[in-house]
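See structure below.
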Amino acid sequence: MGYWNEDIECMSREDMTALQNERLRAQVKHVYENVPYYRDLMDKKGLKPEDIQTIDDLKKLPFLSKSDLRDTYPYGMLACPLSECVRIHSTSGTTGKRVVAFYTQNDIDMWEDCCARAITAAGGTKEDVLQVCYGYGLFTGGSGLHGGSHKVGCLTLPMSSGNTKRQIQFMMDLQSTILCCTPSYAAYLSETLYEMGYTTNDIKLKAGIFGAEPWTEEMRHSIERSLGIKAYDIYGLTESSGPGVAFECSEQNGMHINEDNFIPEIIDPDTGEVLPDGEEGELVFTSITKEAFPLIRYRTRDLCVLTKGTCSCGRTLIKMCKPKGRSDDMMIIRGVNVFPSQIETVLIEKGYTPNYQIIVDRVNNVDTLDINCEVPEGLNDYEIPAKEKALAGSIKHMLGITPKIHLVPAKTIARSEGKAVRVIDKRKLID
Ligand code: ADP
Ligand code: ZN
């Protein structure tokens, strides 16, 4: 499969570092001169733009986090006149108050270019019909992939999310070949396909580009099997632009970061210290080409590992592993660190559907973990208790703590059309 921008995607490390150094110097100056909030943070550290000459100097710079964006809402991080901006997007608010991000036309072009790289890496060309069922609107998913699809020259189907039966009908009638949506919505689409009496023989899909939420390898295999496609991961966040900050290639083993635009670092989330490549920590991005909303050392809260080196696809761009969730997705249950993705792995491995709900509570000062998932097809009522017990055992094996499993009737757990809400932590409601 080809490249969208071979010069960049396969650039030597020396050339990439030189490009990053040059762009970083200009960006720090741009921000210092135009964003008083960040200038103050730099002044407090006694830093001037000239102190930042290469990417090795990055670690001197102050971090930004979601709370800075909330404190400066809406215009405090804007680095150019509003009259130069052409678009606003907003986070989906998964973890609290939304933040807004601004884009100049160049920012939009850069972002769509990143999405074009992702589509090309998934095998997309101008011969493809690309169905976008990420939400359109303030959420970045829809417009990002839509713009990338136009750049590649695919025939673009701007479906947005929802109206699932119509999605399937259009997928068949218009012979979509590439599907873009959240992985949880892809699972729902495949379920609906079969419910409507069709199979993969009735559709022409060959690939899917799925992201915006954490998903496991098991979920990938399950979607690939049920839709008869290759499923590629795509990562991004509104604060950096949107989807396309990183994208998966034919190797399907980690996502290449578009380093000509975003410099990644991994830090220890507790101390802020930069960790060596290969260690797990919090992913931090510095946008080196954005004009309107250029965040320096932005803490994503996503936990991840970076790997350097040339990939079998020929790209030299650093790879990030699938983020296993945000640091704030991690639940501490009876002293044990638990990620929803660990539970998802076991559920799918054991043949359950990827529809589940995790409920955490505290009863008499003891944490409780309840998992609702759907009864597998063909199971008789009298078999349920044994099945629940077996599943609880498998999850205990993975986590070290025993959950209470509730097998509920099929199709009773709400399906997600966008980002799935997997966890209800009732302890947080009390605290
Ligand atoms: P919100 O923070 O409100 O969800 P965004 O829509 O900007 O707003 O979401 C960005 C976040 O979504 C990322 O920081 C990350 O936690 C998650 N995310 C995006 N893509 C992926 C992916 N491929 N795998 C795991 N998580 C992802
Ligand atoms: Zn690759």
Among the residues of segment 256-276, count how many are out of contact with any Asp or Glu (no Cβ under 6 Å at 6 or more places or on another chain) and in contact (Cβ under 8 Å) with a residue 40 or more places away in the chain. 11
Could you check residue 38 against (1) free of Cβ contacts under 8 Å to residues at least 40 places away in the same chain; (2) closer than 26 Å to residue 17 by Cβ and say which number it fails? (1)
Can you tell which of 396, 387, 419 is outside the structural domain of residue 210 (by TED's automatic domain parsing) and touching a residue at least 40 places away in the same chain (Cβ under 8 Å)? 419
Residue 218: farther than 17 Å from residue 134 by Cβ, touching a residue at least 60 places away in the same chain (Cβ under 8 Å) and not hydrophobic (A, V, I, L, M, F, W, C), yes or no? yes
Just give me the residues in segment 76-86 being closer than 16 Å to residue 238 by Cα and free of Cβ contacts under 8 Å to residues at least 24 places away in the same chain, in sequence order. 86
Taking strands (runs of 3 or more DSSP E) that do not extend beyond segment 357-431, which have at least 2 residues that are open to solvent by 80 Å² or more (accessible area, probe 1.4 Å) and closer than 30 Å to residue 161 by Cα? none
Using beta carbons and a limit of 9 Å, which pairs, at least six apart or on different chains, have the first residue in segment 12-27 and among the hydroxyl-bearing types (Ser, Thr, Tyr) and the second one assigned to a helix (DSSP H, G or I)? 17/55
Filter segment 45-68 down to the residues that are within 15 Å of residue 286 (Cα to Cα) and either in contact (Cβ under 8 Å) with a residue 40 or more places away in the chain or assigned to a loop (DSSP other than H, G, I, E, B) (or both) and list them by number. 52, 53, 54, 55, 58, 59, 61, 62, 63, 64, 65, 66
Restricting to segment 182-226, what's the tally of residues that are open to solvent by 30 Å² or more (accessible area, probe 1.4 Å) and not in a helix (DSSP H, G or I)? 8
Selection from segment 241-276 of residues that are within 23 Å of residue 24 (Cβ to Cβ) and within 16 Å of ligand 2 (Cβ to nearest atom): 244, 245, 246, 247, 255, 256, 257, 258, 259, 260, 264
Residues that are modelled with pLDDT of 95 or more and open to solvent by 20 Å² or more (accessible area, probe 1.4 Å): list the strands (runs of 3 or more DSSP E) wholly contained in segment 70-173 that include at least 2 such residues. 85-90, 155-158
Buried (at least 16 other Cβ atoms within 10 Å of the Cβ), modelled with pLDDT of 95 or more and more than 25 Å from residue 301 (Cβ to Cβ): is that true of residue 13 in this structure? no
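The values are calculated or read from the model by the stated rules, or taken from the named source; none is laboratory data. Since the model is a prediction, treat every value here as computed from it, not as a measurement. Note that each Cβ is placed from the backbone with ideal geometry, even for glycine, and that neighbours are counted across all protein chains shown. Calculation scope for accessible area: heavy atoms of the full protein, side chains included, ligands and nucleic acids excluded. Shrake-Rupley method; radii C 1.70, N 1.55, O 1.52, S 1.80 Å.
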